[in-house]
1. If you average the sequence gap of Cα pairs under 8 Å that are 6 or more apart and divide by the length of the chain, what percent do you get for the contact order?
2. Report, in deg cm²/dmol and to the nearest 500, the calculated mean residue ellipticity at 222 nm for the chain, where each DSSP H run with n ≥ 4 adds -39500 (n - 2.57) and the sum is divided by the residue count.
3. For the chain, set up a Gaussian network in which alpha carbons nearer than 10 Å are linked by springs, and say which option among Thr147, Thr124, Thr110 fluctuates the most.
4. Name the residue, out of Ala43, Ala158, Ala93, whose mean-square fluctuation peaks in a Gaussian network model built on the chain with Cα pairs under 10 Å.
5. If you find the alpha carbon centre of the stretch 73-94 and of the stretch 132-166, how far apart are they in angstrom?
6. Reachable lysines from Lys159, Cα under 19 Å, same-chain residues fewer than 8 places away excluded?
7. Pick out which of Asn152, Asn162, Asn48 has the largest mean-square fluctuation in a Gaussian network model of the chain, springs linking Cα atoms closer than 10 Å.
8. Of (1) 13.4; (2) 12.6; (3) 10.0, which is the value of mean projected area of the Cα convex hull in nm² derived from the coordinates here?
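Every number here is computed from the coordinates shown, using simple stated rules; none is lab data. Fair warning: this is a prediction, and the values are worked out from it, not measured in the lab.
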Amino acid sequence: MLTTEQAIELIKIPKKILVGDKLQDVYSIDQDFPIDTRIELVAIDDDNLTFMWSVKQSKKMSIRMSLHCQQEDSHLGILRIDYNSGHKNPDEAPDYLPEMFKPYIGKEFTMNESHVHFHITGETQQMLWAIPIQDSEMPIKTFNASTNDIENVIIEFAKLINIKTKIQINKSLL
């Protein structure tokens, strides 16, 4: 069972993007609408430790975007940011809930409230708990789906999960 502390350590591990069997020094992401991509990551110092990074933009609401990192073998989510998306935290807290989540027991995030999900020790349902993005380390707190916002959010999330591959965004021509 993955603990919250172990998930935080997994986030910190330096990673590179893997295409086929080759680590990438530079990787390009096309900014097509809607963005919906899955990218394989590998720990730089341990190629047995793999991750999946997904970037998904809503087809119906372009200002809704989700960036998710999970440990690939176990399929356990370790960190997800949801921009402009609703969510409700559970009304009751388990004993093992980290302190940072306790002010948000029962919190209902409206459709325009961005928030950050973390893996929590003992969760039976993944990514059940979230905190407001304002209380997170993600430097970009709002998202309006402009081409610059899309680029900045992707690059900052890559930094947050410690991707060492240089990310290039091929902006859409719209």
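1. So the answer I get is 26 percent.
2. Using -39500 (n - 2.57) per qualifying helix, the result is -4000 deg cm²/dmol.
3. Between Thr147, Thr124, Thr110, it is Thr124 that shows the largest mean-square fluctuation.
4. Ala93
5. 17
6. Lys12, Lys15, Lys16, Lys56, Lys141
7. Top of the fluctuation ranking is Asn48.
8. Given (1) 13.4; (2) 12.6; (3) 10.0, the structure-derived one carries the label (3).
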